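J.: I'd like to ask some things about the structure below.
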Amino acid sequence: MEKRKLGPAMSLVLCIALVCLFWGCGMVETDTPKIKDLEYEILEEKDIPQEFLAAMEEKKEAGFKLTYTDKEYLYIAMGYGVQETGGYSISVNECYLTKNAIYFDTTLIGPMKGEKINQVKSYPYIVVRMGYLEKNVVFE
């Protein structure tokens, strides 16, 4: 059987095809466009459903990213695990809807310099409640 060599033009076409093929593999869209910011309310402990509060309590030492629904509301919780002192707060940076999911981003804010700090372990967390949406939640 005789082997055939590719001519220079055919080699160039093959190389371009391979580059285009691999280029397309790297062009996967990772960002899903925001549809809208979501309205939510930050809850106090007394307003959190007991079943959800119990699940948070079990995971508070290590931290958690949890959701809960009662078909009327969606609850989203972010816990930062054990901290050696008190004085922490949490800010919600973003909470928005995309075609496929709800994105939820928070930041743990440490005690301010010079602030009197309670020297006892704390377990900072935040829980927000919004109208029920049947979407996955992505914690950023």
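J.: Just need a number here: residues in the range 58-78 that are part of a strand (DSSP E or B) and either among the basic types (Lys, Arg) or over 18 Å from the mean Cα position of the chain (by Cα) (or both).
T.: Count: 2.
J.: Output yes when any residue across the range 12-28 is closer than 20 Å to Val138 by Cβ and either at pLDDT below 95 or not in a helix (DSSP H, G or I) (or both), and no when none is.
T.: yes
J.: Would you tally the residues in the range 90-99 being over 23 Å from Lys46 (Cα atoms), in contact with a Ser or Thr (Cβ under 8 Å, 6 or more places away or on another chain) and open to solvent by less than 40 Å² (accessible area, probe 1.4 Å)? Full working, then the answer.
T.: Of the residues in the range 90-99, the ones over 23 Å from Lys46 (Cα atoms) are 93-94, 96-99.
If we keep only those that are in contact with a Ser or Thr (Cβ under 8 Å, 6 or more places away or on another chain) as well, we get 93, 98-99.
Checking which are open to solvent by less than 40 Å² (accessible area, probe 1.4 Å) leaves us with 98.
Matching residues across the range 90-99 total 1.
J.: Quick one: what pairs do we get from the range 71-82, first residue in contact (Cβ under 8 Å) with a residue 40 or more places away in the chain, second basic (Lys, Arg) and part of a strand (DSSP E or B), C-beta under 7 Å, 6+ apart or different chains?
T.: As it stands, the answer is Tyr73/Arg129; Tyr75/Arg129; Met78/Lys65, since those pairs meet every condition given.
J.: Just give me the residues in the range 51-70 being open to solvent by 30 Å² or more (accessible area, probe 1.4 Å) and touching a Gly at 6+ places or on another chain (Cβ under 7 Å), in sequence order.
T.: Once the filter is applied, which keeps residues that are open to solvent by 30 Å² or more (accessible area, probe 1.4 Å) and touching a Gly at 6+ places or on another chain (Cβ under 7 Å), the range 51-70 yields Lys59, Lys60, Glu61, Ala62.
J.: When residues of the range 100-133 are filtered for being under 18 Å from Glu41 (Cα atoms), open to solvent by 60 Å² or more (accessible area, probe 1.4 Å) and in a loop (DSSP other than H, G, I, E, B), how many remain?
T.: 1
The values are calculated or read from the model by the stated rules, or taken from the named source; none is laboratory data. What you see is a predicted model, and the numbers here were worked out from it, not measured in a lab. Methodologically, a virtual Cβ is constructed for each residue, glycine included, from the backbone with ideal geometry; neighbour enumeration extends over all protein chains shown. Heavy atoms of the whole protein, side chains included, go into the accessibility calculation; ligands, DNA and RNA do not. Shrake-Rupley method; radii C 1.70, N 1.55, O 1.52, S 1.80 Å.
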